[in-house]
Amino acid sequence: MLTFALGPNDSPAARVARIAQDVLTPGPMGAFVRGADYAAFLDIWDLADDSTHLLDFAHSGEVLDKVHTSCAVFASACLGYAGFRLAKPWKADGTWSIMGATRAWLQPLSEQHPAWVPADGSAEPGVGAIILRAKSHVELVTERLPNGLWRCAAGGGSPEQHECQGLTPTQIKVTNGTLCRMTPPAGKDVFAPDGLGRRPSGWIDTNLIGLPSYEEILEQLREANS
């Protein structure tokens, strides 16, 4: 599991954004691109809200680091490091699906949550917001740029050609759909359709999901170490 420094002046949402920035500053990561970092990052799911590990013989990261279309797995991991209690997406038969619906990884966050903001032109997403596109993709806002555009972080991508150097065809195939990366420094218009034509339906304001404050985290640490 990775560790991140606390910023005493960070809002909860800014903490979420900084975690995404910090873990991706060294570069994109996925199954076989910074694979050890990626698996360690996803070990936060060991603390998910149930009494068992994903599998008895493996850490969460060792299970999740090969999951394709993992955009919500990345976003939820950022929330977990920020203090959000993660909940595994259980199915009705008592099992849970790694390849479950995107929003299942972010439960109980949804369009019905009080923190949901519809993309109807009445507001703009702030730093730390988790944008939902066409109910099939999520991205996390890390920065609002002076040019009015946004930088975002997202998982579920695939490596570019130069990032495949040194990888076998099998490793490339496994890494496809797992890569987490930042958008280019120039930013983008988050209201525009993405490469698959998906427009945002809205976003979660992570200042409104009950993340602990800096002082509350310090108090929790003091109690744990007393």
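The values are calculated or read from the model by the stated rules, or taken from the named source; none is laboratory data. The structure displayed is predicted, hence computed values, not measured ones. Neighbour counts are summed over all protein chains in view; Cβ atoms, including those assigned to glycine, are modelled from backbone coordinates with ideal geometry.
The set of residues from the stretch 133-155 being under 12 Å from R18 (Cα atoms) and either modelled with pLDDT under 95 or β-branched (V, I, T) (or both) comprises V141, T142.
Report yes if D194 is modelled with pLDDT under 95, at negative phi and not hydroxyl-bearing (S, T, Y), otherwise no. Here the answer is yes, as D194 does meet what is asked.
Name the residue that is surrounded by the most Cβ atoms within 10 Å (Cβ to Cβ), counting only residues in the stretch 35-55 that are farther than 22 Å from Q21 by Cβ, charged (D, E, K, R) and modelled with pLDDT of 60 or more. Among those residues, the one meeting the criterion is D46. Within the stretch 204-215, is there a residue that is hydroxyl-bearing (S, T, Y), within 29 Å of Q112 (Cβ to Cβ) and modelled with pLDDT of 95 or more? Taking every residue of the stretch 204-215 in turn, at least one turns out to be hydroxyl-bearing (S, T, Y), within 29 Å of Q112 (Cβ to Cβ) and modelled with pLDDT of 95 or more. Scanning the stretch 59-89 for residues that are in a loop (DSSP other than H, G, I, E, B) and within 16 Å of S110 (Cα to Cα) yields F84, R85, L86, A87, K88, P89.
Note on the stretch 129-150: residues that are out of contact with any strand residue (DSSP E or B) (no Cβ under 9 Å at 6 or more places or on another chain) and either under 19 Å from L79 (Cα atoms) or hydroxyl-bearing (S, T, Y) (or both) total 1.
When you look at L2, is it buried (at least 21 other Cβ atoms within 10 Å of the Cβ), on the phi < 0 side of the Ramachandran plot and at pLDDT 85 or above, yes or no? It is false that L2 is buried (at least 21 other Cβ atoms within 10 Å of the Cβ), on the phi < 0 side of the Ramachandran plot and at pLDDT 85 or above.
Taking the stretch 97-122 as the search range and keeping residues that are hydroxyl-bearing (S, T, Y) and under 17 Å from the mean Cα position of the chain (by Cα), which one is modelled with the highest pLDDT? Top of the filtered list is S110.
Every condition in (1) modelled with pLDDT of 85 or more; (2) within 13 Å of the chain's Cα centre (by Cα) is met by T69 except one, and the failing one is (1).
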